[in-house]
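The values are calculated or read from the model by the stated rules, or taken from the named source; none is laboratory data. Because the structure is a prediction, the values reported are computed rather than measured. Please note: Cβ atoms are built from the backbone with ideal geometry, for glycine as well, and neighbour counts cover all protein chains shown. Side chains included, ligands, DNA and RNA excluded: accessible areas come from the protein's heavy atoms. Shrake-Rupley method; radii C 1.70, N 1.55, O 1.52, S 1.80 Å.
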Amino acid sequence: MAHIPDGVLSLPVLLGGGALAAAGVGLGLRALDDRAIPRVALLSAVFFATSLLSIPVGPSSVHLLLGGLMGVLLGVGIFPAVLVALALQAVLFGFGGLTTLGVNTVNIALPGAVVGLALGPLIRRQTRPGRAGALAGAGAAAAVFGTGALVAGALWLSAPEYTPVARVLLVTYLPLALVEAAVTAIVVGFLTRVEPAALAPALKMRET
Amino acid sequence: MPPFALPRSPALLLAPLLILLLALVSASPAAAHALRVFARLEGDQISGYGFFIGGGRPRDVEWVAQMGGAPLARGRTDAEGAFRFPVPEPVTGDLKITVNTAEGHIASTTLAQSRLLPAQGAPGATTPSAQLPGPATTGPSTTGPSTTGPAYPGQIAPQGLRPAPAAPAPAAPPPTAPAQPATAQPTTAEIERAVAAQVAPVLERLEQMDARMRLTDLVAGLSLIFGIAGMLLWARSRRP
């Protein structure tokens, strides 16, 4: 769902998505340091691999997006992580497309980045793993619906006849959001327990 | 200067994610996520189905067929994601079939005009021909496809999916099928349909192999990501 193929979106949407993605990637690259690079690469690899594993749900087929998890762990570093993984998926597997790379990057990375910036400080302040995990899970579910809304918006702007139907979207995105929340909660809870510092996208965070 | 200021943290971050990654990769390296459409000519019908790479069919979603840009047929897929409609009478252009799941997955496939022409009936002419079906796309067919009763064994499975023809005798060459009534030579149209029926599973398989993800590609992608990270780190370490 999040991989919009070539030839569906209109040029203004493609250009707008590309510009937004470029801005996000620029921000992300500026934040890269020696500690962030392996983290971005690792989560990019996880995202690259998990997007390939899909489960049939309702009329469609879904896969994990991990936007919330990446947002909490990487901050704006989520943009380069998603861009690289999506580019490789497009080239190697034909998922999505090269022209839609910008739009797809924004659709997945922007909700994650927003969740990371909004909930990240709160999550890192938690000392109980369960609570941190629950917060992160809620953020991950929100990021899934954010992605769904952005995908629907991009399609609605370009080709109204392809606009997703709200009911179908809900049927497919709701189970995904629940699974995504569970996975994110487990990972964040684990990190809170064993290495809280790993949750910070950068060491010199203003809020920590 | 040492590349890692925090030696413990990256390793600990790595552990659960790598486990997750390995579990996912080992679980199903061939699963994937993209919608594709497969369509084929089957007698005087065009049948096919949408499928998600790695599993799943788009059930009960809308499909639209267009010929040369003009709408031709539409409907909803069945429980197996399949569709079926008759070949249009005048073939005026390439046939494009689009499946739209209404939640962001859209895929289409195109049957070239040349592939559709043999199915089109040229009324009147009934010249039995015994030639081999090599130039199948050039010769106009002789009889209307709907008029011929005897079909080759398993030629048109009732449901287009998982067609039966390959099952009974996968090795038997179809053009010399013994089930043909001994009175007449097979007409070109019959031969063409028989060949189409026999070739269909091969085309189907080709389509799926084309769309299949390969473990080598997956490994290549992961290696590229880490390679990029390594180059970035190296470039940064050269800076004073």
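Give the Rg (one decimal place) followed by the Dmax (whole number) of segment A:11-195, computed from C-alpha coordinates and expressed in Å.
So, for segment A:11-195, Rg and Dmax equal 15.8, 49 Å respectively.
Leaving out ligands, DNA and RNA, what percent of the accessible area of segment A:1-157 is carbon and sulfur, probe 1.4 Å? Show your work: numbers first, answer last.
On the way: 3600 of 4920 Å².
The value for segment A:1-157 is 73 percent carbon and sulfur by accessible area.
Could you work out the mean count of beta carbons from other protein chains within 10 Å of each residue's beta carbon in A:192-198? Intermediate results must be reported in sequence, preceding the final value.
On the way: counts 0, 0, 5, 8, 1, 5, 10.
Partner-chain Cβ atoms within 10 Å, mean over residues of A:192-198: 4.
Can you show me the helix-derived [θ] at 222 nm for chain A, built from DSSP H runs with n ≥ 4 at -39,500 (n - 2.57) apiece and divided by the number of residues, rounded to the nearest 500.
Working: 7 runs with 143 residues, N = 208.
That calculation yields -23500 deg cm²/dmol at 222 nm.
Threshold 10 Å², probe 1.4 Å: give the residues of segment A:86-102, in number order, that are less accessible with all protein chains present than with their chain alone.
Those are A:L88, A:L92, A:F93, A:G94, A:F95, which lose 10 Å² or more relative to the chain on its own.
Obtain the nm distance between the two label points defined at B:R236 and A:L122 by a simple spin-label model: each point lies 7 Å from its Cα along the Cα-to-C-beta direction.
Those two pseudo-labels are separated by 3.0 nm.
Using alpha-carbon pairs under 8 Å, 6+ residues apart, how would you state the relative contact order of chain A in percent?
Numbers: 353 pairs, mean separation 59.3, N = 208.
Reported as a whole number, the value is 29 percent.
Could you pull out every residue, at least 5 positions away or on a different chain, whose amide H is within less than 5 Å of the one on B:E42? Hs are placed 1.01 Å off N in the peptide plane, and Pro or chain starts have none.
Hits under the 5 Å cutoff: B:S47.
For the interface of B with A, what's the total buried accessible surface in square angstrom, probe 1.4 angstrom, rounded to the nearest hundred?
Details: alone 14520 and 9860 Å², together 19870 Å².
It comes to approximately 4500 Å² buried between B and A.
What are the residues of segment A:141-177 that lose 40 Å² or more of accessible area, with a 1.4 Å probe, going from their chain alone to all protein chains?
For segment A:141-177, once contacts with the other chains are taken into account, A:Y162 lose 40 Å² or more.
Which value, in Å², gives the accessible area per residue of segment A:11-195 when a 1.4 Å probe is used on the protein heavy atoms?
Values: 6430 Å² over 185 residues.
For segment A:11-195, the solvent-accessible area averages 35 Å² per residue.
Per-residue HN-Hα couplings for segment A:45-51, Karplus 6.51 cos²θ - 1.76 cosθ + 1.60 at θ = phi - 60°, whole Hz, x for Gly and Pro?
Result, ordered by residue: 5, 5, 4, 4, 6, 5, 5 Hz.
³J(HN,Hα) across segment B:195-204 via Karplus (A = 6.51, B = -1.76, C = 1.60, θ = phi - 60°), whole Hz, x for Gly/Pro?
In residue order, the calculated couplings are 5, 4, 5, 6, 7, 3, x, 5, 4, 4 Hz.
Tell me the label-point distance for the pair A:L178, B:T92, using the 7 Å Cα-to-Cβ offset, in nm and rounded to one decimal.
Reported label-point gap for A:L178 and B:T92 is 4.9 nm.
Compute the long axis of helix A:101-125 from its Cα atoms, compare it with the longest principal axis of the Cα atoms of chain A, and write down the angle in degrees, 0 to 90, nearest 10.
Taking the Cα atoms of chain A, the angle to A:101-125 is about 20 degrees.
Please sort A:175-184, A:102-111 by packing, taking for each peptide the average over its residues of neighbouring beta carbons within 10 angstrom, highest first. Numbers along the way, then the final one.
Details: A:175-184: 20.3, A:102-111: 28.1.
Ranking the peptides A:175-184, A:102-111 by packing returns A:102-111, A:175-184.
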